[in-house]
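A short write-up of the structure that comes next.
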Ligand code: AMP
Ligand code: MG
């Protein structure tokens, strides 16, 4: 049995960063940029008004106050999107809206509230300036956000909403990012029935495909659901064939030591086993290796295959620990670990066989400290323990027990808004 760290290192050594693709900027969200993005325009393109008001010469406002306004002749009005053909000359002003280019001759913009416009009731031929304004007041300078020629985004960053907006502000319709991995998902088990069908005696619904596909999608991959295979080598091989051009294969079930646990036999025959069993709980029976397949162009290629345990909790926990980092690596991400915090545990946990335990917990923040309490029964078949949890408490393999009040590490599955 290998440690969680050894297993993860092994898995990561079999996956590579994927190739780049060019796609519409909105579709790039969450993906890693593979190009440095330079601007060939200035943003904003021209000096423009930061407020609705009057574009004036700063000199013409000198000494202005509510008691002693400076009265200027209004020679034009300019809205965002238009350019005034007039020039502000001594004694004149141009009425201007936010975003409109500052007319020639003007040195500042006096906001409406600092003029007597409200008292003029539509008679806008003249305007009284009530406050002295310094040169540059309420003017956004050309290029103050982005200078023409500047590098705006660097390769390697993850595209977030701000970056999508940034690309749009440069006029870019598409960008180059690392493509998303396609992950083929196959459930195994003679007892499984797919959702939407009647349940016959002795059968259970297939939930793993759905939780695993959701996790794939959540962490940036594209799930391809292959359905349910029976517990026979031929059924498994037939089903797996439909996933051999994916970037990764994930099966659930069939990796224990039972009579019908054929996944590792198939791995051994159709590829190579890298490891089987990890010193953790839940999730000890976890098979990993490669299966001979082909890429989209038909070239032979070994596809990483993660054989997750069938128990619904084990499947999800091992996914978080091994499949998630593999997907993130393929996506070109650098940080492969989930946020981990320290919390005060409120229950005792015993560790009988020296495995690392991941117990499901609810994490709450009180007086600036995190507290973790178990979700209840912790069997690896008890999916409600995942549904109730927002974190996984780590009980180290070298601890026989952990008592209430001790500080433990918690991998946050979710960062609930309350925290
Ligand atoms: P296995 O690893 O195949 O021995 O499965 C362990 C346990 O998980 C058994 O009780 C299975 O019935 C259950 N199980 C396996 N696959 C699934 C699945 N796709 N959905 C829900 N439960 C499953
Ligand atoms: Mg099974």
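Each reported figure results from applying straightforward, stated rules to the coordinates on display, with no laboratory input. Values in this document were obtained by computation on a predicted structure and should not be read as measured data. Quick reminder, even Gly has a Cβ in these numbers, built from the backbone with ideal geometry, and neighbours come from all protein chains shown.
Using a Debye calculation, one point per C-alpha and no hydration shell, please list log10 I(q)/I(0) for the range 59-187 at q = 0.18 Å⁻¹ in order.
For the range 59-187 at q = 0.18 Å⁻¹, log10 I(q)/I(0) is -0.98.
Out of the DSSP beta bridges found with both residues in the range 13-144, what percent are antiparallel (nearest 5)?
Within the range 13-144, antiparallel bridges account for around 70 percent of the total.
Give, in whole angstrom and from largest to smallest, the semi-axes √(5λ) of the equivalent ellipsoid of the chain, with λ running over the eigenvalues of the Cα gyration tensor.
After diagonalising the Cα gyration tensor, the semi-axes are 63, 27, 18 Å.
Just subtract the alpha-carbon distance of residue 73 and residue 217 from 0.36 nm times their residue separation and send over the number in nm, one decimal.
Once the chain is fully extended between residue 73 and residue 217, it gains 45.6 nm.
For residue 398 paired with residue 126, estimate the spin-label separation in nm (one decimal), with each label point 7 Å from Cα along the Cα-to-Cβ line.
Each label point is offset 7 Å from its Cα along the Cβ direction, giving 8.8 nm.
Please give the helix 208-218 orientation as an angle from the longest Cα principal axis of the chain, in degrees from 0 to 90, rounded to the nearest 10.
So the inclination is approximately 30 degrees.
222 nm [θ] for the chain, helices only, -39500 (n - 2.57) per DSSP H run of 4+, per residue, to 500?
So the helix-based figure for the chain works out to -4500 deg cm²/dmol.
For the chain, give me the percentage of DSSP beta bridges that are antiparallel, rounded to the nearest 5 percent.
If we restrict to bridges inside the chain, about 65 percent are antiparallel.
Just want the ordering: 219, 260, from fewest to most Cβ atoms lying within 10 Å of their own Cβ.
Lowest count first: 260, 219.
Determine which residues of the range 61-77 fall in the zone a paramagnetic label at residue 119 would reach in this model, i.e. backbone nitrogen under 15 Å from the point 7 Å along Cα→Cβ.
The answer is 64-72, whose backbone nitrogens lie closer than 15 Å to the label point.
How high is the FRET efficiency between residue 97 and residue 59 when r is their beta carbon distance and R₀ equals 25 Å, given to the nearest 0.05?
Efficiency, from the Cβ-Cβ distance: 0.60.
Once the piece of chain linking residue 145 and residue 259 is laid out straight, how much longer is it, given 0.36 nm per residue of separation minus the C-alpha distance between them?
Fully extending the segment from residue 145 to residue 259 adds 34.4 nm.
As an exercise, use a Förster radius of 56 Å and the Cβ-Cβ distance of residue 273 and residue 83 to find the FRET efficiency, rounded to the nearest 0.05.
0.20
Take the Cβ-Cβ distance between residue 191 and residue 13 as r, set R0 to 51 Å, and report the resulting FRET efficiency rounded to the nearest 0.05.
Plugging the Cβ-Cβ distance into 1/(1 + (r/R0)^6) gives 0.90.
Just rank 131, 305, 114, fewest to most, by other beta-carbon atoms within 10 angstrom.
Fewest to most other Cβ atoms nearby, the residues stand as 131, 114, 305.
Once fully extended, how much extra length lies between residue 348 and residue 292, figured as 0.36 nm per residue of separation less the alpha-carbon to alpha-carbon distance?
15.6 nm
Among 242, 179, what is the fewest-to-most ranking by other Cβ atoms within 10 Å?
Starting with the residue having the fewest Cβ neighbours, the order is 242, 179.
Gaussian network model of the chain, Cα springs within a sub-10 Å range: biggest mean-square fluctuation belongs to which of 237, 110, 255?
Among 237, 110, 255, the largest mean-square fluctuation in the Gaussian network model of the chain belongs to 110.
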